[in-house]
Amino acid sequence: MTKLLVKSAKVAVALLALIIIFIYVYLRQSLPILDGEIKGKVQQAVTVTRDRLGIAQISAMSREDVSFALGYLHGQERFFQMDLLRRNSAGELSELFGDLALKHDEKVRVHQFRKRVGDYVNLLTNVQRSLLKSYTQGVNQGLLELGAKPFEYALLGGTPKKWQEEDSLLVLYSMYMDLQYEYGDRERLLGAMSDLLSTDAYQFLTPNGSEWDAAVDDTVLPKGSIPQSQLFDYVANANNNANNLVALKTSADFNLFLDNQEGFKGSNNWAVSGKVSKTGSAIIADDMHLGIGVPNIWYRASLRYSKNGHDVAIDGVTLPGTPAIVVGSNHHIAWGFTNSYGDWNDLIKLVLSDDGKQYLTPDGFKPFDIEQERIEIKGQDAKIINVFNTQWGPVIGKDHQGNLLAMRWVAHDAEGINFNLLNLEDAQNVEQAITTAHTAGIPAQNLVVGDSQGNIAWTIAGAMPRKFGLDNTSNQGWAIPQDWSTGEFGWSGYLSSEEYPVALNPEHQRLWTGNSRVVGNDMYQLIGNGGYALGARSQQIRDGLMALESFSEQDLLDIQNDDRAVFLTPWHNYLLTQVLTEEFVYQQQYQQLVGLLNNWQSRASVESVGYLFVRQFRLNLRDKLFAPLTDMMTSASKDKELKLSFRPIRSQVEVPMWQLLTEQPLHLVPDGFETWQAFSQSIVKQTFNELVEQYGSIEQATWGAHNTTKIQHPLSKAIPFLGGLLDMPQEAVRGDTFMPRVQGVAFGSSQRMVVSPGFEEQAIFHMPSSQSGHPLSPFYGNGHQDWVNGVASPLLPGKTIHKLDIIPN
C-alpha cells in the first residue's frame, strides 16, 4: 500500500508538472511579437520600437499606416480588454460569460448600441473611415499572428471574434456608460425625492452650491435653508392624496454606500499659461479617475508620421479599441479631459392610452415602435427581448410611481458618436483645439488645452443639446423626469460651436476642473447639472495654483500628489471641540483615540490612524442621518423592484449634513437622541468599535491598512487562485477622494500627466498596473511603482529595447 501511495504521488506530481509546463508553453505562445519583421497592409514600411516600459513608438510615412500598426499592437496585447468594452455596450457579454452577464445584457440592450453603430459608422468622414479600416485590419492581423489565442479565452473556453470597424464606436459607447447615467439613476432619484418630500426639505437636501464651490469664473451658488418642519416624517404626495401619506419612522441602520467609495469617475485637470510657466509655453496637468485593473485601461504610444510634407509627433495614451490619442501632446498643443457632469440626458414621463399600447405626444397618441433583440448565451438557448421605442428614445424603465420612462440621450444621436477627436492631432493652437472639441462625438468632457505660444483654454468637448421650456440649473426643471406630451419643453437639435461655453486666457492665467461646476450664469444654463462632484478637490487645486507665482512641470506634479486633508479638517475640528468632551472621553476611555486624532498629520498618509477615524466617522454619521430617507424611498415606491441609489447625490448631501451639524436645529435631532452632540457621540462609539473589530486595535487602524490597493485582472476576480499570477502587488497607498491625489483600493488616477507643448523631453507621465495584459510580458507591471510613489517618470519613450518592422505585403 505504501509503495502504491508513493507511486500515485509521483504520478500526480508528474501530471502537475506537465500541466504547469503546458500552461507555461501556452502562455509563451500567446505573447506578442516584439522583434523582427512582418508583412502587413501598409503602404510603406513602418517601424515599431519599445522601451523597458513597453511604450510603443510608431514611425511611419502616413497616418493610415500608423493606424494599422497601432491596431496590430492593440490586437496582440489588449484584444481581450477591447472585446470586453465592445461587448459591454453591445450587451453581448453573455455570449462569453453565460448566464452570469445576462441581466447586464438585458438592461443595456434597450439602447440598441450595436444597431446604432451599424448606422453611424457610415456617417464618419472619408478620412476617419480610412483610418478605422486600417486600424481594424491591424487589429485582426495582430490577433491572427499570435501563436495562441489570448489566454483569457482559453480559461473561459471561448473564441475571440474578429474586430469590425463599427466595434470601435462600441468602445466609445462603453465610455458613455462609464461616465454618464445610462439608466437615468440620478434623475429618477431626484424625481422621487421631489414628489415624496416637502418642497422645503427637497430644496434643502439638493442644494445648488456650497462653501466648496470653486468655479473658474468665481461664481457662487446658494445652499438651502434648514426647513422648519421635519425632514422625513411624511411623504408628500404630488396628487395631494391623503390616503397615500406614509408615516416614516425607522430604527434600522442603513449603509448608503456599501464600499464607502466616494470617488467620481472623471478626473482632475488644470493649466497654467506661458506668462507664469518656466517654459514660456502653457503647461497642462491631467489625471483621469477611473476604476483601475490589470492591464490599465490606457495604452501608451508615441506616433511619428508625415502629413502634407510636415513631420507630426504625438505622445500620450490611446484607448485600445480606438485609433486615437485620448490625452497627450502634439508638440503644439497639449490637452487633457475631466468628466463634465453636465446634463446630457433627460427622462420623459410617458402618458399612456387606456390600453397601455400607445403614448401621448404633442401630435396625439402614437404606438410604440417595438423591436426585438436576440441575446446569445453561452451554454444556453438565445433569449429574445422586446425594446419599446418612442419618438424621443427607448423606454428604459419605470419611476417610483410606476410610470414608464423614456430616455432622450446624446449618446443615441449621430452627433454624439464620431472620431472627430482625431483632429486634435492637427491643431496648432488652442483656438483650433476648441473648434475640434465642439464637434467631437464623445461623452461630454471638460477640455483643458494649452499651446506652445502660452495660451490656455477650457470648453466642453462633445455634443451639447439645445433644450427649451425648463430651467437647466434648477433642481426641479430638467433635473427630474417630465411629461413632454404637451410640447412645452424638449430638445431642438444641438448647439453650434459659436454657442458653446469657453474660457480663454483668464486674467489669473490659471484654469482648473475637478468634476465640479466650472462656470456659472449663462454658461451654466447651457451645461446644466448632471450630478457634479463637491468642489473640495477643485478648490484645493485652485488654491495650490494660486499659492505659486511661477510653475515647472514638477510643481504641477506636486499638486497632483497633494494628499492634505483640507476637506476633512472641519470634521476633525468638530470631533475634538464638540463631540469628544472631557466627560465623554473619560467615560469611554478614549484618551488614546484623542491622542491619535491630535497627531492625525492632516493628510491621508498611510500611517495616520486619525485620518481613517475622521473619514469613517463622517461616513457612519451620514449613513445614520439619512437612513430615514432611504426607508421613505423604499416604502413609498409603487415599483418594489425599483432600486434607487443615493450615490448620484452623495456630494449634495454633504452640504445639508454639515449645516445640520453646525446649526444643530433641535427639531431635527435624529430619533432616539436629545441633542446633536449625543447623536455624534453614538457615531464615535460605533466607529471606534468597528475599527477595533476590523483591525484588532485602534492603533492598528491606519489609513494604509484600510487603503491597500487591490488592482486585479478581470479573470482573477472570478478565479481567485490566478490572483498571484495576474494581479498587481497589494500596497498601502496615500491619498483619498476629496483631495487632488485621488486614490482608492481599485479606483483613482488611471494616469498622471504633466506636459508643456514643445518641451516634451521634460514632460512627466506614469500610470498604474501595466502596459501589457500578459503576465509573461517583459513589460508586465513595469512603471507601476512610479505611479504608487508619485515620482516623475518621463512621457517620452526611453532607450529602445525591442524593434519590429512592418513591411508592405
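A few comments on the model shown:
- Two-site label geometry, Tyr586 and Ile801: point separation in nm, points 7 Å out along Cα→Cβ: 6.4
- Sequence-distant residues sharing a close amide H with Val326 (under 5 Å, placed H): Val317, Thr318, Leu319
- Projecting the Cα atoms of Pro501, Gly402, Leu422 onto the charge dipole of region 382-532 (Cβ charges, centred on the Cα centre) puts Gly402 farthest toward the positive pole.
- Fraction of accessible area attributable to carbon and sulfur, the chain (%, probe 1.4 Å): 52
- Highest-first arrangement of 724-730, 538-544, 196-202, where packing means the average Cβ count within 10 Å: 538-544, 196-202, 724-730
- Centre separation in Å (Cα based) which lies between region 399-415 and region 671-718: 38
- Three-way shape call for the chain based on the alpha-carbon gyration tensor, with the a/c threshold at 1.5: rounded
- With all protein chains kept in place, the per residue accessible area of region 277-388 amounts to 36 square angstrom at a probe of 1.4 angstrom.
- FRET efficiency estimate (nearest 0.05) - Cβ-Cβ, Ser130 to Tyr494, R0 22 angstrom: 0.25
- Rounded to the nearest 10 degrees, the inclination of helix 536-546 to the longest alpha-carbon principal axis of the chain is 70 degrees.
- Residue-by-residue Karplus 3J(HN,Hα) for region 285-299, coefficients 6.51, -1.76, 1.60, Hz, glycine and proline x: 10, 8, 9, 8, 9, 9, x, 10, x, 10, x, 5, 5, 8, 10
- Solvent-accessible heavy-atom area per residue, rounded to whole Å², over region 694-809 at 1.4 Å: 36
- Peptides 29-40, 464-475, 281-292 ordered by packing proxy, namely the average of other Cβ atoms within 10 Å per residue, highest first: 281-292, 464-475, 29-40.
- The slack in the chain from Phe673 to Asn521, taken as 0.36 nm per residue of separation less the alpha-carbon distance, amounts to 50.5 nm.
- Between the C-alpha center of region 69-148 and that of region 503-559 there is a gap of 35 Å.
- Region 61-187, accessible area per residue, ligands and nucleic acids excluded (1.4 Å, Å²): 33
- The DSSP beta bridges internal to the chain are antiparallel in roughly 90% of cases.
- 21 Å Cα-Cα reach of Lys115 towards lysines, excluding residues that sit fewer than 8 places from it in its own chain: Lys103, Lys107, Lys133, Lys161, Lys162, Lys383
- Contact order normalised by residue count of the chain, Cα under 8 Å, 6+ apart, percent: 20
- Degrees separating the helix 126-144 axis from the principal Cα axis of the chain, which is the longest one: 70
- The residues neighbouring Ser550, those whose beta-carbon lies less than 14 Å from its own, together hold a net charge of -1 under the Lys/Arg +1, Asp/Glu -1 convention.
- Degrees, to the nearest 10: 185-196 long Cα axis against longest axis of the chain: 10
- At R0 = 30 Å, FRET efficiency that the Cβ-Cβ distance of Gln578 and Ala746 yields, to 0.05: 0.30
- Close amide H contacts of Gln743 (hydrogens built in the peptide plane, cut-off under 5 Å, sequence separation of 5 or more or a different chain): Asp736, Thr737.
The values are calculated or read from the model by the stated rules, or taken from the named source; none is laboratory data. Keep in mind it's a predicted model, so treat the numbers as computed, not measured. Backbone-built Cβ (ideal geometry, glycine too); neighbour counts: all protein chains shown. To get the accessible areas, we keep the full protein, side chains included, count just its heavy atoms, and leave off ligands, DNA and RNA. Shrake-Rupley method; radii C 1.70, N 1.55, O 1.52, S 1.80 Å.
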